[in-house]
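The values are calculated or read from the model by the stated rules, or taken from the named source; none is laboratory data. Since we're looking at a predicted model, the values are computed, not measured. Using ideal geometry, Cβ is built from the backbone for each residue, glycine included, and neighbour counts are taken over all protein chains shown. These area figures cover heavy atoms from the full protein model, side chains too; ligands, DNA and RNA do not enter into them. Shrake-Rupley method; radii C 1.70, N 1.55, O 1.52, S 1.80 Å.
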Amino acid sequence: MKNSVKYKYILFDLDGTLSESAPGIRYSLEKTCEKFGVGGIDFSDYTKYVGPPLLNTFENLCKLDRKLWDDAFNAYVGFYENKGILMNKAYDGIELVLKELKDNGVKLAVCSSKLEVNAEKVVKIIGLDKYFDEICGSNREGTRKDKKDLIPYAIEKLGGSADNAVMIGDTFFDAKGAEQCGVDFIACNYGYGDNSEMLKYNPAGIANKPSDILDLLKQ
């Protein structure tokens with residue numbers, strides 16, 4: 001594949017694309033809901049809360065009163081940082097994908113709605129930090145939580161431009177953000193998202209397993 005990658009700047013979502021992260025996220029949400037007296041929530045469907053910004057999950061799944069969001073956010077971060085984050089593991093085969101891309105001289109960034117400091121920790125925990133030029137995530141102020149904001153931020157950090165970039169992810173949040181930012185999108189069907197929702201955004205390709213990503217990035 002040497003010198004045959006069609007993009008210069010490649011952005012990877014984290015949860016469900018690089019990392020099998022659902023168990024840690026579920027644990028942290030369950031503990032947060034327990035702390036705030038919210039019960040009876042079915043967390044068995046990962047697609048409902050792996051991928052969306054955390055505040056969306058508080059509103060749509062947890063049904064938390066808006067005035068509790070700040071405290072719930074801090075509680076979730078505490079549960080996640082103390083235990084949930086350690087439950088992450090890299091998808092089988094994804095490291096070989098990243099290694100080959102780096103050997104081709106492209107620039108790589110993580111582009112996640114997870115807090116940037118936690119995204120950095122996760123990428124290190126799963127042993128993939130050496131492959132990324134930048135790790136980009138959301139901030140505590142909430143002004144950089146959607147992919148439409150994160151994608152330009154990541155491209156700028158890489159020193160690139162949208163016309164030479166691609167977003168790789170597993171949810172419609174990634175797909176929609178890519179469309180809004182004018183970059184190509186590759187859908188990871190092995191993650192936690194709904195494939196039918198991603199298809200609505202006409203992805204440039206669909207990866208059913210990590211190794212498929214390399215074929216989809218060839219010239």
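Among the residues of segment 87-105, are any open to solvent by 50 Å² or more (accessible area, probe 1.4 Å), part of a helix (DSSP H, G or I) and closer than 17 Å to Ala22 by Cβ?
Yes, segment 87-105 contains at least one residue that is open to solvent by 50 Å² or more (accessible area, probe 1.4 Å), part of a helix (DSSP H, G or I) and closer than 17 Å to Ala22 by Cβ.
What residue, among those in segment 42-68 that are of a type in the set (Ser, Thr, Tyr) and assigned to a loop (DSSP other than H, G, I, E, B), is surrounded by the most Cβ atoms within 10 Å (Cβ to Cβ)?
Tyr49
Being at pLDDT 90 or above, touching a strand residue (DSSP E or B) at 6+ places or on another chain (Cβ under 9 Å) and not hydroxyl-bearing (Ser, Thr, Tyr): is that true of Leu29 here?
Here the answer is no, as Leu29 does not meet what is asked.
Residues Lys6, Lys83: which one is open to solvent by 60 Å² or more (accessible area, probe 1.4 Å) and more than 20 Å from the chain's Cα centre (by Cα)?
Answer to the selection: Lys6.
Being assigned to a loop (DSSP other than H, G, I, E, B), under 19 Å from Leu98 (Cα atoms) and not β-branched (Val, Ile, Thr) is the filter here, so list the residues in segment 126-157 that pass it. Steps first, answer last, please.
So the first thing to find is which residues in segment 126-157 are assigned to a loop (DSSP other than H, G, I, E, B), and the list is 126-128, 132-133, 139-146.
Now narrow it down to the ones that are under 19 Å from Leu98 (Cα atoms): 126-128, 132-133.
If the condition is that a residue be assigned to a loop (DSSP other than H, G, I, E, B), under 19 Å from Leu98 (Cα atoms) and not β-branched (Val, Ile, Thr), then Gly127, Leu128, Phe132, Asp133 are the ones that fit.
For segment 165-212, enumerate the residues that are outside any loop (DSSP other than H, G, I, E, B) and among the small types (Gly, Ala, Ser).
Selection gives Ala165, Gly169, Ala175, Gly177, Ala178, Ala187, Ser196, Gly205, Ala207.
Pull out all pairs, ordered by first then second residue, where Cβ-Cβ is under 6 Å, the residues are six or more apart or on different chains, the first lies in segment 20-41 and is outside any loop (DSSP other than H, G, I, E, B), and the second is open to solvent by 60 Å² or more (accessible area, probe 1.4 Å).
Glu20/Lys89; Ala22/Tyr46; Pro23/Met87; Gly24/Met87
Report, ordered by the first and then the second residue, all pairs with beta carbons closer than 8 Å, sequence separation of six or more or different chains, a first member in segment 170-187 that is more than 13 Å from Leu150 (Cα to Cα), and a second member that is open to solvent by 30 Å² or more (accessible area, probe 1.4 Å) and basic (Lys, Arg).
The qualifying pairs are Phe172/Lys200.
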